[in-house]
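I have placed the structure first, in the form of structure tokens, so that the comments after it can refer back to it.
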Amino acid sequence: MGMNTVSRSAMALIAAALFGSCTSVSTGERTASKVNGGSSAQNGQFYVQTVFPQGELSSEAVFPSIQIQFSEPVVALKKLGQPSNTSDAVTITPEVNGVFRWYGTSLLSFDCSDKLIPQKEYTIRINKNLTSINGNEISGQLEYTFRTQELALRSIQPGYTEQKQANRYLDAQDILPEYAKDIAVTFGNKVKGEVVSKYLSVVEEKTKKTHAFTFEQIDEKTLLLHVTDTFPRNCEVNVVLAKG
């Protein structure tokens, strides 16, 4: 009897080709970029020293803190630690609910109370009319961006239903076509099935034939795909997540 092969390694390779940097896992370390040289402070200029985050934000940072360090004091000591849902110094788009606090006279922090949207670019804008306590007007770069981590496939398990019901192991590299029709797909982030399923496709490697499927959501990160027809024998099948 011929076998149908659903290759996990092939699936991973295709996902990597589509995502690029999305397949790498961020360490989640808190890093900030220095955006101006130290000589500016000696010249009496008021500017943004560092902003966190920049670049790609790890998916583990669901409720991140956004921090802006200025070169000169902006508020008096009595303002430290006072919470506010708005700021005259900074705006963030798309809009995110949270709390602004000055943790130092020159250090502003925003603690998000909303979960950030995956695969989304956020912009931090400094008020161009901002002045320091010393009376200096803000200068230099006033706009910064960061992006939440791209959605990525973490594991693919063909034959999921048979393995669960029969409580037995099935080799993803050598599985009967009738069992391979149920494929559990797990993502790196929480997903909504009705959204992410639009970006999934099940494709035969050799013929490039695309197979239709329905789905059900197993948990916050996993969908179970039910392929509507049976794969031919002795073929390799890829699950592809398109960028979007």
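The values are calculated or read from the model by the stated rules, or taken from the named source; none is laboratory data. All values reported here derive from a predicted model rather than from experimental measurement. Positions of Cβ are generated from backbone atoms using ideal geometry, with glycine treated the same way; all protein chains shown enter the neighbour counts.
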List the number of the failed condition for Val75; all other conditions in (1) modelled with pLDDT under 95; (2) in a loop (DSSP other than H, G, I, E, B) hold.
(1)
Can we say Tyr103 is outside any loop (DSSP other than H, G, I, E, B) and farther than 17 Å from Val62 by Cα?
yes
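Conditions tested, residue by residue: (1) surrounded by 14 or more Cβ atoms within 10 Å (Cβ to Cβ); (2) farther than 30 Å from Ser87 by Cβ.
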residue: Asn127; (1), (2): no, no
residue: Leu130; (1), (2): yes, no
residue: Gln141; (1), (2): no, no
residue: Leu153; (1), (2): yes, yes
residue: Pro158; (1), (2): yes, yes
residue: Glu194; (1), (2): no, yes
residue: Glu204; (1), (2): yes, yes
Could you go through segment 166-174 and let me know if any residue there is over 20 Å from Ile218 (Cβ atoms) and in contact (Cβ under 8 Å) with a residue 60 or more places away in the chain.
yes
Within segment 118-125, is there a residue that is of a type in the set (Val, Ile, Thr), modelled with pLDDT of 95 or more, within 30 Å of Glu60 (Cα to Cα) and not assigned by TED's automatic domain parsing to the domain that holds Gln217?
yes
Among the residues of segment 176-186, is there at least one that is polar (S, T, N, Q) and either farther than 19 Å from Phe213 by Cα or loosely packed, with under 15 Cβ neighbours inside 10 Å (or both)?
no
